[in-house]
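**Student:** Input: one structure, supplied below.
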Amino acid sequence: MTGLELFFLGPLQILLAGRPLAHFTYAKARALLVYLAVEMDRPHSRDELVGLLWPDMSETKARNNLRQALADLRQVLGDESELPAQRLPFLLVTRDTLQFNAASDYRLDMAAFGQWLDACMRHRHRHIERCPICLQQMEQALACYRGDFLTGFMVGNAGPLEEWITAKREALHQQAMRACEHLAHSHERHGRYHEARLVVQRQLALEPWREEAHYQLMRLYGLSGQRSAALVQYAACRKLLSREFGVEPSAATTALYERLRNGQTDPVLPARPPRPNASLPVLPVPLVGRDNELARLADLLADPAGRLITLTRP
């Protein structure tokens, strides 16, 4: 079991050896841990941390508060007691700096979320929504995303830290929304309407006012033959936009509603996949699996240096 588990995507949750950590004497000790864990790539001067957490206090009082918060944090994490031979401290503390120990036994959901999305950015492909490797990595990233960064977390009298939290929250939120968009469009393109609906509904959980998601969900219901559900979705969209912004849905959303109400499906995508070309031979059995081969083929197609690809064997 991982020694320290840090869940910052969604409501803050901190586990040590599988048990929740909630007994902080100083409220800002928890905030200090959050900041050091997220920004663990470098040591942080005590002056920086004082200005972040106690910007309106005198330097003497603020430094004393930092010492007390640090002592509380080290005690809660078990860093102050004698450590087992193979157990590294979670915090690296010097007279002038503090840093979270990246070599310690920890797990951070934000780090996993970012690593999966970074892998998509580094991977070569012609189109991310047609790359099975990247789509799987985005699903893994979204599995880490329980909700927006530090949902409901409040820090009093720490304006600079609150600004940092807000900026992080927005950046991570946008990354999650883009991943949802790519996955939803890919599922829809391949006729996986149920999977696409689940992703779009997750978008709406994060941004209930996102009209584009309401539109896509209406269309997916229509393509799945669930016309009544599509009409209910339009009513929900219209009510929310009126209550929150005092506006009506866009002309495109209303036009889709009218088509669905009249029994039509959205013409943007066919109601069912097109039939294969009659001149091509029919496969005697469906193709099953081949995920590794498809992923390798996607890599080859994305390589601009490749001029010829040959597929052999049955």
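The values are calculated or read from the model by the stated rules, or taken from the named source; none is laboratory data. The model shown is predicted, which means the values in this text are computed figures rather than measured ones. Note that each Cβ is placed from the backbone with ideal geometry, even for glycine, and that neighbours are counted across all protein chains shown. SASA here: full protein model, heavy atoms, side chains in, ligands and nucleic acids out. Shrake-Rupley method; radii C 1.70, N 1.55, O 1.52, S 1.80 Å.
**Student:** Put a dot 7 Å past each Cα toward the Cβ at Asn262 and Ala17; how far apart are the dots in nm?
**Tutor:** Using points 7 Å along Cα→Cβ, the separation is 6.9 nm.
**Student:** Further question on the same structure: Once you list every other residue whose beta carbon is under 11 Å from the beta carbon of Glu59, what net charge do they have if Lys and Arg are +1 and Asp and Glu are -1?
**Tutor:** Neighbour charge sum, excluding Glu59 itself: +2.
**Student:** Ok, one more. Ranked highest first by average number of other Cβ atoms within 10 Å, how do 15-25, 46-56, 118-128 line up?
**Tutor:** Result, highest mean first: 46-56, 118-128, 15-25.
**Student:** Shifting gears a bit: Mind checking which lysines have their Cα closer than 26 Å to the Cα of Lys28? Skip sequence neighbours fewer than 8 apart in that chain.
**Tutor:** Within the straight-line limit of under 26 Å, Lys28 reaches these lysines: Lys61, Lys168.
**Student:** A further question follows. Ignoring ligands, DNA and RNA, please state the percent of accessible area on the chain from carbon and sulfur, probe 1.4 Å. Each step should come with its number before you reach the end.
**Tutor:** On the way: 9890 of 18600 Å².
Taking all protein chains in place, the chain shows 53 percent carbon and sulfur surface.
**Student:** I've got another one for you. Test of understanding: express the Cα radius of gyration of region 109-186 as a ratio to 2.2 N^0.38 Å, with N the residue count.
**Tutor:** Taking N as the residue count of region 109-186, the ratio is 1.26.
**Student:** With a Förster radius of 41 Å, plug the Cβ-Cβ distance of Arg124 and Thr60 into 1/(1 + (r/R0)^6) and report the FRET value to the nearest 0.05.
**Tutor:** After rounding, the FRET efficiency stands at 0.15.
**Student:** Over the Cα atoms of the chain, what radius of gyration and what Dmax do you get, in Å?
**Tutor:** Just the Cα atoms of the chain yield Rg and Dmax of 25.4, 83 Å.
**Student:** Calculate one ³J(HN,Hα) per residue across region 31-43 by plugging θ = phi - 60° into the Karplus curve 6.51 cos²θ - 1.76 cosθ + 1.60, and present them in order as whole Hz with x for glycine and proline.
**Tutor:** 5, 4, 4, 4, 5, 5, 5, 6, 9, 7, 6, 8, x
**Student:** Which far-off residues, 5 or more places away or on another chain, put their amide H under 5 Å from the one on Arg107, with H placed in the peptide plane?
**Tutor:** Result for Arg107 returns Leu4, Glu5, Leu6.
**Student:** Could you report the chain's accessible area per residue, 1.4 Å probe, as an integer in Å²?
**Tutor:** Counting only protein heavy atoms, the per-residue value for the chain is 59 Å².
**Student:** Grab the Cα-Cα distance for Met154 and Arg178, subtract it from 0.36 nm times how many residues apart they are, and report the gain in nm with one decimal.
**Tutor:** Working: separation 24, 0.36 × 24 = 8.64 nm, distance 2.67 nm.
This chain segment gains 6.0 nm when fully extended.
**Student:** Name the cysteines of the chain that stand alone by the Cβ rule: no other cysteine Cβ under 4.7 angstrom.
**Tutor:** When partners are defined as cysteine Cβ atoms under 4.7 Å apart, the chain leaves Cys144, Cys180, Cys237 without one.
**Student:** Within the set of other residues whose C-beta is less than 11 Å from the C-beta of Ala111, count the net charge using Lys and Arg as +1 and Asp and Glu as -1. Walk me through the numbers on the way to the answer.
**Tutor:** Values: positive: Arg107; negative: Asp41, Asp109, Asp118.
Taking every other residue near Ala111 into account, the sum is -2.
**Student:** Same structure, new question: Starting at the first residue of region 204-220, write each ³J(HN,Hα) from the Karplus equation 6.51 cos²θ - 1.76 cosθ + 1.60 with θ = phi - 60°, in whole Hz, x for Gly and Pro.
**Tutor:** After applying 6.51 cos²θ - 1.76 cosθ + 1.60, I find 5, 5, 7, 9, x, 8, 6, 5, 4, 6, 4, 4, 5, 5, 4, 5, 5 Hz.
**Student:** Okay, next question. Under 8 Å for C-alpha pairs, at least 6 residues apart: give me the relative contact order for the chain, rounded to a whole percent.
**Tutor:** 16
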